Amino acid sequence: MTDAVNLSPEIIQKESQYVLGTYPRAPFVFEKGEGMYVYDSDGKAYLDFGSGIAVNALGHNDPDVVASIQEQAAQLSHVCNLYHTVPHVELAEMLCNLSFADKVFFSNSGAEAVEAALKFARKYALKTSGPGKSGIVAFEDGFHGRTYGALSVTAREKYQAPFRPLVPGVTIAPFNDIAAARQLIGPDICAVIVEPMQGEGGIHVATPEFLTSLREQCDQVGALLIFDEIQCGMGRTGKLWAYEHYGVKPDMMTLAKALGGGLPIGATLLTDAVAAVIEPGDHGSTFGGGPVVCRAAQVVLEKISDPEILAHVVEMGAYLAEKLLAIDTPHIQEIRMSGLMVGVEMDFDVRPLLGKGYAEGLLLLNAGTNVLRLLPPLIVEKEHIDACVAALEAILD
Ligand SMILES: Cc1ncc(COP(=O)(O)O)c(C=O)c1O
């Protein structure tokens, strides 16, 4: 709708007038995307190293994803969960065949996938151990979403403070601290929720000993282990699921973000043992598992589970690491990464760098104040990494 006139100042003014201000937004309006690039209403190209926060894993407007959406939307877009449809069954089957899981519950976002997992864990404990086993252990620097259950396991004072009281029964342990977790995971705990690789909290990678110990401790007290792979799953780390790096399997796993190919989806994957306690009416979602998003997700999953793209993620991750390490600046304190999930910790507040990135035509993310986060689409090539690092060098200069 912006053929001759640039409407972006008007759109930005109207945004502040009509849209609730829960997000600070960049000072331009995006109109289209293709591959590694997004274009604003002036036609300026931006190299995307954020993937819409780990969503556009196949880049923008992947032709196969677009075709699947168009075809399914033309055939059937919604009937609700009172009826059978083909796409959500086929997607659930694919997810189970490709993971530890036996069953899937579909919703529409990451936070909803987490809510479902927490509810299922409480019901499992009630059915298998009786009342009283309702405690949940989560970790410092973890992020699980902003609905009440998800917020309650997201130990960030800034996010929680205005909204108390939260869901009771949550205790927070330091991440990667085996002894502290062992102390907290007792017989009253029904679930432990953890990101194998923390995203929003600053890109912190769990140690194998830590996840192994959580698995052992959960088994000992009859608690369920929930892996939140909403950000680190779907090939981001060079394996389809981050837990594959560890040889530790969860009882439940939450997915969202990249799975939907740009459309909203949440998925809670679970074992048959957990599924056995859930009955009709225990949980639900009007839109969850809709035909259009599930068709798109099938295409995404098929493409991302291909060993070739996973190998490409490993190769590009190594190349990006090499290039980042070669940047000549005293400001980089540490680089933490797995595959194409990268955190560059600086000795200053990195948030102003995002604006400088826009000027250079580069989309970057932060994770907290001091960590620059790079989450390029998994289709990134060396030339894009070279361009990103050159722009970063210019910015840091
Ligand atoms: C690990 C993790 N869990 C949960 C969420 C919440 O997902 P959503 O924003 O789709 O509710 C996020 C979002 O950033 C996330 O990174």
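Please give the peptides 94-107, 298-311 ranked by average Cβ packing (other Cβ atoms within 10 Å per residue), highest first, as a rough proxy for protection.
94-107, 298-311
Among Arg373, Arg182, which comes first, then next, by fewest other beta-carbon atoms within 10 Å?
Listed from fewest to most nearby Cβ atoms, that is Arg182, Arg373.
To test your reading of the geometry: what angle, between 0 and 90 degrees and rounded to tens, separates the Cα axis of helix 8-18 from the longest principal axis of the chain?
On a 0 to 90 degree scale, this one is about 30.
Where is the GNM fluctuation largest for the chain (alpha-carbon springs, 10 angstrom cutoff): Ile226, Ile203, Ile172?
In the Gaussian network model the winner is Ile172.
Residue by residue through region 43-56, which ³J(HN,Hα) values in whole Hz follow from phi under the Karplus form 6.51 cos²θ - 1.76 cosθ + 1.60 (θ = phi - 60°), with glycine and proline marked x?
Each residue of region 43-56 in turn: x, 6, 8, 10, 6, 8, 10, x, 6, x, 6, 6, 9, 7 Hz.
Using only the Cα atoms of region 101-231, what do you get for the radius of gyration and for Dmax, in Å?
Final numbers for Rg and Dmax: 13.7, 38 Å.
List the residues, sorted by chain then number, that are 5 or more residues from Asp228 or on another chain and whose placed amide H is less than 5 Å from its amide H.
Those lying under 5 Å, H to H, from Asp228 are Val194, Glu195, Thr254.
Which aspartates and glutamates, on any chain, are close to Lys356 with Cα under 15 Å apart, when same-chain ones fewer than 8 places away are left out?
Cross-link targets: Asp48, Glu393, Asp397.
Efficiency by 1/(1 + (r/R0)^6): what FRET value for Ser129 and Asp397, r their Cβ-Cβ distance, R0 = 41 Å, to the nearest 0.05?
Approximately 0.10, to the nearest 0.05.
How high is the relative contact order of region 76-304, given as a whole-number percent (alpha carbon pairs under 8 Å, six or more residues apart)?
Computed over region 76-304, the figure is 30 percent.
When you have a sec, figure out the Kirkwood radius of the chain from all distinct Cα pair distances and drop it here in Å to one decimal?
Result for the chain, one decimal place: 21.9 Å.
Which lysines does Lys119 reach when only Cα atoms under 29 Å apart count, and residues fewer than 8 places away in its own chain are ignored?
Straight-line reach from Lys119, under 29 Å: Lys103, Lys127, Lys133, Lys158, Lys239, Lys249, Lys257.
Measure nothing fancy, just the Cα-based angle from helix 110-129's long axis to the longest principal axis of the chain, in degrees from 0 to 90, nearest 10.
Orientation of helix 110-129: about 10 degrees from the principal axis.
With θ taken as phi - 60° and the coefficients 6.51, -1.76 and 1.60, list the Karplus ³J(HN,Hα) couplings across region 362-368 in order, rounded to whole Hz; mark glycine and proline as x.
Using θ = phi - 60°, the values come out as 9, 9, 10, 10, 10, 9, x Hz.
Neighbouring Cβ atoms within 10 Å as the yardstick, rank Val277, Val65, Val170 fewest first.
Val277, Val170, Val65
Kindly state, to the nearest 0.05, the FRET efficiency for Asp219 paired with Glu140, given R0 = 25 Å and r defined as their beta-carbon distance.
0.60
Per residue of region 330-340, what does 6.51 cos²θ - 1.76 cosθ + 1.60 with θ = phi - 60° give for ³J(HN,Hα)? Whole Hz please, x for Gly and Pro, Karplus curve as stated.
Here the 3J(HN,Hα) series is x, 7, 6, 8, 7, 10, 10, 7, 8, x, 9 Hz.
Efficiency by 1/(1 + (r/R0)^6): what FRET value for Glu383 and Val86, r their Cβ-Cβ distance, R0 = 45 Å, to the nearest 0.05?
After rounding, the FRET efficiency stands at 0.65.
Using all alpha carbons of region 76-304, what is the percent of pairwise distances in each 5 Å bin, ordered from the shortest bin to the longest?
1, 7, 15, 20, 21, 17, 11, 6, 2, 0, 0
List Met316, Met197, Met252 from most exposed to least, where exposure is judged by having the fewest other Cβ atoms within 10 Å.
Lowest to highest Cβ neighbour count: Met316, Met197, Met252.
Given Cα positions, please report Rg to Rh for region 329-382, the hydrodynamic radius being the Kirkwood one.
Over the Cα atoms of region 329-382, Rg/Rh equals 0.97.
Readers should treat all values here as calculations from the given coordinates under stated rules, not as data from a laboratory. Fair warning: this is a prediction, and the values are worked out from it, not measured in the lab. FYI the Cβ positions are ideal-geometry reconstructions off the backbone, even for glycines, and counts take in every protein chain you see.
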